[in-house]
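The values are calculated or read from the model by the stated rules, or taken from the named source; none is laboratory data. Values in this document were obtained by computation on a predicted structure and should not be read as measured data. Reconstructed Cβ throughout: ideal geometry from the backbone, glycine too, with neighbour counts over all protein chains shown.
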Amino acid sequence: MSEETQRSEEKAKSIDAEVLRQQADELRQSGHLRPEGPSKTLSRWAQGAYLAILVLLIASVIFLLVSRESRLWLLRGVANAWVRVSSTQENAAIFKLPPPPPKAVEPKVVLQGSPTLVFRAAGSSAQPVPEESAETAESEGASGTEQDESKPPAPPEKTAGSTAAYDLLVKNSEVARKLASNGFPDLQFKEWKPVKNSPPEFWINVVAVRADRNVEFVWLVNTESGTVTALSQNARDLQRK
C-alpha cells in the first residue's frame with residue numbers, strides 16, 4: 001500500500017471522528033436546553049390530603065346508602081336551597097281581597113187580622129184578643145225587635161285572660177310592641193281593648209290616633225301556642241312596613 005493511500009485513509013478517519021464529536025456536542029447542548037417537565041411525584045402532605053378526601057367521600061356515600069332519613073334530609077335541604085335561590089321577593093305578588101258583601105236581612109212577614117191568643121195563669125182559658133189590640137202588640141214587638149237588632153252588642157270586658165293575651169301580643173309581635181310604645185311617628189297609641197274572648201284565642205284591638213282619627217289594629221292571639229296573627233287590614237299593612 002502506498003503512502004498516499006494511507007494518508008487519505010487517516011485523513012478520512014480524522015474527519016469522521018471530528019464530525020461525530022460535533023454531533024455529540026450538538027446532542028448534548030440540545031439535551032441541556034430542553035425544558036424540564038414538572039415532577040410527577042406528589043409531596044407527602046398532598047398525598048395525605050387526597051387520601052383523606054377519598055376516604056371521606058367513600059364514607060359519605062356508604063352513610064347515605066345505609067341511612068334513608070339522611071338521604072331524605074339531604075334532598076329536602078337541596079330542594080329548599082333551590083327554592084330560595086330561584087324565587088325572589090320581587091316576584092311575590094300580594095293580592096288584596098275586597099271587603100265582604102253586606103249581609104242581606106231577611107224580611108219578616110207579619111200576618112194581620114189573625115186572632116192572637118193570650119195565655120193567662122193556670123186555670124184560665126186562652127181568649128182571643130181583638131184585632132186592634134193584636135196589631136198594637138205586634139207593632140210594639142216589631143219595634144222592640146228592631147231596637148234590639150240595631151243596638152250593637154256590648155264589647156267584652158277586660159279579663160285576666162285578655163290582659164295576658166295583650167301582654168303576649170306585645171311580647172311576640174315587634175310591630176304591636178312598637179305601636180304600643182309610640183314607635184311610629186304618625187301613630188299615637190290610645191288604648192287596647194278585647195274584641196272577642198274565646199280562650200285560648202283572644203282578639204285584641206289596639207287603637208291609635210292618626211290625624212285626630214282613631215285607627216284600629218286587630219290581632220288574633222293564642223295564649224297556648226303563643227302565635228300572633230294579624231286579622232284586620234290595618235294590622236297587615238302595618239306589618240309590611
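Is it true that some residue in the range 44-56 is loosely packed, with under 10 Cβ neighbours inside 10 Å and modelled with pLDDT under 85? Checked against the condition, which is being loosely packed, with under 10 Cβ neighbours inside 10 Å and modelled with pLDDT under 85, the range 44-56 yields at least one hit. Kindly indicate whether any position in the range 157-173 is out of contact with any Phe, Trp or Tyr (no Cβ under 8 Å at 6 or more places or on another chain), under 17 Å from R236 (Cα atoms), in a helix (DSSP H, G or I) and of a type in the set (D, E, K, R). Checked against the condition, which is being out of contact with any Phe, Trp or Tyr (no Cβ under 8 Å at 6 or more places or on another chain), under 17 Å from R236 (Cα atoms), in a helix (DSSP H, G or I) and of a type in the set (D, E, K, R), the range 157-173 yields no hits at all. For the range 196-216, a residue qualifies if it is in contact (Cβ under 8 Å) with a residue 40 or more places away in the chain and either surrounded by fewer than 18 Cβ atoms within 10 Å (Cβ to Cβ) or of a type in the set (G, A, S) (or both), and the qualifying residues are K196, N197. Residues in the range 70-97 that are charged (D, E, K, R) and either touching a helix residue (DSSP H, G or I) at 6+ places or on another chain (Cβ under 6 Å) or modelled with pLDDT under 85 (or both): R71, R84, E90, K96.
In the range 174-183, the residue that is farthest from V209 (Cα to Cα) out of those that are of a type in the set (G, A, S) and assigned to a helix (DSSP H, G or I) is A176.
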